[in-house]
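Note sheet for the following structure.
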Amino acid sequence: MTISDAAAVLRAVEVATPWSAYELHVVTRFVKGQPAPRGRISLPRDPRTKEEKVLVFAEGKQAEAATKIGASFVGGGELIDDARLNFTTTGTSVLSGKIEPTKVICTPALLPTITPKLSRFLGPKGLMPAVRRGTVTDDVAGAIKQARGMLEWKGDRQGVVRTPIGRINFPVEDLEKNIRTFLQAVKAATAEKDDLSVKRKVAASSILQVHLSSTQGPGIQISDI
């Protein structure tokens with residue numbers, strides 16, 4: 001089914017809930033033992049309804065810059081306890097409730113301070129600052145701007161990537177732009193590598209199937225990709 005036809009079916013299902021989400025499921029060719037495909041992307045139209053809550057570990061002028069640009073939480077080591085996770089008797093973990101960030105940014109100077117105390121708590125949530133993700137930096141203002149506009153995605157152990165891709169009330173043109181932009185990013189991240197890359201266990205895949213679904217609707221395979 002084409003993107004426009006699939007969207008029409010899902011809109012009919014979600015007629016009473018126009019803010020429901022479209023979700024894209026991308027099945028990639030995946031070799032067992034290789035790392036899951038992952039990446040970051042800025043879509044033409046942001047499908048998220050909740051604003052990013054950015055926690056910034058910074059001091060001095062960098063803290064001032066973070067506050068000025070509108071970071072949700074800014075501070076140094078005194079914020080560690082508020083950002084720490086508490087473990088329940090069932091083994092699950094939840095944020096303390098004082099600070100519930102969706103992104104965490106840290107300056108290089110404070111990274112040695114927060115790493116021993118927060119890595120085991122923020123790491124499993126995908127929130128631990130890292131240089132490769134651009135969240136350990138002296139340019140906190142730039143990182144905040146990027147964090148607000150970037151959508152992170154990651155495949156599961158079978159190489160299936162799931163991501164919100166739009167809202168039911170989006171025009172089909174906006175939905176299609178988001179889908180095609182996202183698929184290009186997945187293709188780039190899962191492009192077949194040379195033998196040396198494979199030996200290094202770089203994810204070497206291609207897109208096999210794409211399904212579009214919604215909160216209450218079925219998954220529909222997309223043909224025009």
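Taken together, the values in this text are just the output of simple stated rules run on the coordinates, not laboratory data. All values reported here derive from a predicted model rather than from experimental measurement. Every residue, glycine as well, gets a Cβ built from its backbone with ideal geometry; the counts of neighbours run over all protein chains shown.
Applying the criteria of a DSSP loop state and at most 16 other Cβ atoms within 10 Å to the trypsin sites (Lys or Arg not before Pro) of segment 137-190 yields Arg157. Computed extension gain for Asp81 through Asp139, at 0.36 nm per residue and net of the alpha carbon distance, reaches 18.4 nm. Using helices alone, I'd like the mean residue ellipticity at 222 nm for the chain: each DSSP H run of four-plus residues gives -39500 (n - 2.57), total over residue count, nearest 500. Here the helix-only value at 222 nm equals -9000 deg cm²/dmol. Taking the DSSP bridge list for the chain and keeping only pairs wholly inside it, about 75 percent are antiparallel. Bridgeable aspartates and glutamates around Lys103 (alpha carbons under 14 Å apart, same-chain partners fewer than 8 residues away excluded): Glu51, Glu52, Glu152.
Inter-label distance, Ala188 to Arg162: 2.6 nm, where each label sits 7 Å from its Cα along the C-beta direction. With the cut-off at 31 Å, tell me which of the pairs Lys117/Lys154; Lys32/Lys145; Lys117/Lys145; Lys53/Lys177; Lys61/Lys177; Lys53/Lys187 have Cα atoms farther apart than that. The answer is Lys32/Lys145; Lys61/Lys177.
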